[in-house]
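The values are calculated or read from the model by the stated rules, or taken from the named source; none is laboratory data. Because the structure is predicted, anything quoted here is derived from the model rather than measured. Positions of Cβ are backbone-derived with ideal geometry, glycine not excepted, and every protein chain shown enters the neighbour counts. The area values use the complete protein model at the heavy-atom level, side chains included, leaving out ligands, DNA and RNA. Shrake-Rupley method; radii C 1.70, N 1.55, O 1.52, S 1.80 Å.
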Amino acid sequence: MIDIAVGAILSIYLFATLLYAAFPKWRGSIFRSEKVVRIIPKWNFFAPIPGTQDFYLLYRESCNGNFSHWREVDFYTYQSDPLTFIWNPNKKGKKILFDIATLLLAQDTTAKEDLMRVKLSIPYLMILNYLSNHCTELAENVQFAIARPTEDQVKSELMYISGIHNV
Amino acid sequence: MTLDTALHLTVILASVGLFVTTLEELQKLRLEGAKGILSWEVLQHQYYRSIAWTGGVFTFSRYTLLKLLRLLGVLVLPFTFGTFPIGSALISGMVLFSLVVQYYRCAFGLDGTHQVYIILFLSIALYGISSQSFLISYVCLAAIALQSVLAYVISGYCKLVSQQWRDGSALIGIMSTKIYGNARLYRWFKRHPQYSRLACWGVIVFELAFIACCFFQPKVTLLLLGLGFSFHLVNAFAMGLNNFLMAFIATYPAVYYCFDPAEAAKLYALLFPAG
């Protein structure tokens, strides 16, 4: 009996993987729950749309109505390390920022109600919570932005600017 | 390669890979604390209904404990596997539980290797609670092998339908980034875009060809597994994707064993006995 259950679980998991990959248009109707979908493997590494841009998380604080310059969040480092082929803990921070920025920028902000919805979204709140806990003591408000490098890799362009929030 | 050898190798490789990955995560634990970017105080709002019963395991202190238990578990598992079946099943089940908890707590920052480890430890844990007969043991390994083949083939197909991968600009773009890129390779590919196109097509062909492991044992399988190891090793050096190397080679013993015609013949004889 247990063997049958084991075989069934592994078969269903394999079948779900195949179904998820083979019928992208049906994902919403077959896999209704996002919680279920999350556990199904998605084997599309760097494809069909490869990640070809970096995102920077910038923030500025204000005190007595005066805003500071934009600063980049430095919770991960860009330094290259010859041992990264074995040991690379820094990739986690970079991936977190990439995932959050991608999700935030994918949200529609054309309508006013969309703007409010974005401010209540998990990626927005994650960034806001993080910055609120890492501002300087004198900061009264904080604002953040998502930027990406321009094609020449020299400058950055702002992709999204948040509202101004009390710290 | 015998069934037992394939199972043991799978457990050892999976445990080593997950040990390094978990140690890396523990090194960056502050990202998941109350003041970190992955604070549970914010993440809990992704669930609409009350999750008081799960909140215990998602909070920072208990989640950290779970990761430490996972670290201990993968350290011990290679030694208990085969000698203490119930203990091994409990350990691998606990490791699987910690991986699933991590996925549901926050998927940000996770990548495909997390999915590979879930498949590996799901199969190992289910093997542990099964009768461990030849048939069910083969099924558990086959689940790993087939998922591994699917991973390469689906990935290859997704690249084949991508204009950026077909024209070679994908690699130039990826190498230009700080997240996965390599400045030296970027400059070289930019100067020689024809080599970027060649490399892109090389990846596409290799990934799609991986399905040949199912049919052309043993020389073609060994060749493809060797290419796979080299592919992941290059990615580890060039892009810092060390965990892909460790996670995917953990599936290779299963791939080699399950598609061995002699072993498949044994399975066939078991399922369809003569007379």
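Values computed for the structure shown
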| item | result |
| --- | --- |
| Scope region B:24-37; condition more than 7 Å from chain A (Cβ to nearest Cβ) and either farther than 20 Å from residue A:135 by Cα or among the hydrophobic types (A, V, I, L, M, F, W, C) (or both); matching residues | B:26, B:29, B:34 |
| Residue pairs meeting the criteria (Cβ under 7 Å; at least 6 apart or on separate chains; first of a type in the set (Val, Ile, Thr), in region B:3-21; second outside any helix (DSSP H, G or I) and surrounded by 19 or more Cβ atoms within 10 Å (Cβ to Cβ)) | B:10/B:250; B:11/B:81 |
| Of all residues in region A:82-97 being open to solvent by 50 Å² or more (accessible area, probe 1.4 Å) and at pLDDT 80 or above, the one that is farthest from the other protein chains (Cβ to nearest Cβ) | A:83 |
| Enumerated helices (runs of 4 or more DSSP H) restricted to region B:171-275, each holding at least 3 residues that are at pLDDT 90 or above, open to solvent by 40 Å² or more (accessible area, probe 1.4 Å) and more than 28 Å from residue B:17 (Cα to Cα) | B:183-191, B:193-209 |
| Residue count, region B:153-170 (criterion: more than 8 Å from chain A (Cβ to nearest Cβ), within 26 Å of the chain's Cα centre (by Cα) and open to solvent by less than 20 Å² (accessible area, probe 1.4 Å)) | 1 |
| Test set (1) at pLDDT below 85; (2) within 10 Å of chain B (Cβ to nearest Cβ) - residue A:103 fails condition number | (1) |
| Residue list for region B:247-269, restricted to those being hydroxyl-bearing (Ser, Thr, Tyr) and under 14 Å from residue B:8 (Cα atoms) | B:251, B:252, B:256, B:257 |
| Pick from region B:82-116, criterion among the β-branched types (Val, Ile, Thr) and in contact (Cβ under 8 Å) with a residue 60 or more places away in the chain, ranking: farthest from residue A:90 (Cα to Cα) | B:95 |
| Enumeration of residues in region A:50-61 that are more than 7 Å from chain B (Cβ to nearest Cβ) and closer than 30 Å to residue A:13 by Cβ | none |
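Here is a yes/no grid of residues against (1) away from every other protein chain (no Cβ under 14 Å); (2) of a type in the set (D, E, K, R); (3) over 29 Å from residue B:132 (Cα atoms); (4) loosely packed, with under 14 Cβ neighbours inside 10 Å:
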position: B:1; (1), (2), (3), (4): yes, no, no, yes
position: B:13; (1), (2), (3), (4): yes, no, no, no
position: B:18; (1), (2), (3), (4): yes, no, no, no
position: B:40; (1), (2), (3), (4): no, no, yes, no
position: B:69; (1), (2), (3), (4): yes, no, no, no
position: B:75; (1), (2), (3), (4): yes, no, no, no
position: B:85; (1), (2), (3), (4): no, no, no, no
position: B:95; (1), (2), (3), (4): yes, no, no, no
position: B:99; (1), (2), (3), (4): no, no, no, no
